[in-house]
1. Which of the following values of P(r) over Cα pairs in 10 Å bins from 0, in percent was calculated from the structure shown: (1) 13, 46, 35, 6, 0; (2) 12, 41, 34, 11, 1; (3) 12, 42, 30, 14, 1?
2. Show that you can apply the helix-only estimate: for the chain, add -39,500 (n - 2.57) for every DSSP H stretch of four or more residues, divide by all residues, and state [θ] at 222 nm to the nearest 500.
3. Around PRO22, under 14 Å between beta carbons, what's the net of Lys plus Arg minus Asp minus Glu among the other residues?
4. If you take the beta carbon distance between THR30 and GLU113 as r and set R0 to 41 Å, what does 1/(1 + (r/R0)^6) give as a FRET efficiency, to the nearest 0.05?
5. Probe radius 1.4 Å, ligands and nucleic acids ignored: give me the carbon and sulfur share of the accessible area of the chain as a rounded percent.
6. Below 8 Å between Cα atoms, with a sequence gap of 6+, how large is the relative contact order for the chain in percent?
Amino acid sequence: YDPMRISHHKASWVRGEDWPTPTWPLNPGTPEHWDKERLRREIIGPWKELERQGVGIHVGEWGAYNKTPHAVALAWMKDLLDLWREAGWGWALWNFRGSFGILDSDRTDIAYEDFQGHKLDRSMLRLIQNG
């Protein structure tokens, strides 16, 4: 799944250190191109088929590692949240606090807001609140 190159950019446990810096859409102009429509077709579509057979769907863990460029992470996350809202599915962020979360993620490419002694990623918080 190529979008893992966004969610796990530079993550050592999946050998993401060697992946090129991602963009969203991913790999534009190539056969490996991923965008919102491809996510709808290849990720949402098969699960919707299963849902039509009576299986409940919940996105149990997702997010973007703190090494993924912030703007890329937010754009990718927005498209996923839009698709899950369209599908009527619930979701859970991988973690609230930590390297995939909105608090104390240790991203180096954003300005944090102080929140009760924690570093808050206000942009990501707003995005998920609207998702």
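1. Computed from the coordinates, P(r) over Cα pairs in 10 Å bins from 0, in percent corresponds to (2).
2. -9000 deg cm²/dmol
3. -4
4. 0.65
5. Of all accessible area on the chain, carbon and sulfur atoms account for 52 percent.
6. Result for the chain is 22 percent.
The values are calculated or read from the model by the stated rules, or taken from the named source; none is laboratory data. Quick caveat: nothing in here was measured; it's all calculated off a predicted structure. Cβ sites come from the backbone with ideal geometry, for glycine too, and all protein chains shown count toward neighbours. Ligands, DNA and RNA are stripped out before the accessible areas are found, and what is left, the full protein with its side chains, is counted by its heavy atoms. Shrake-Rupley method; radii C 1.70, N 1.55, O 1.52, S 1.80 Å.
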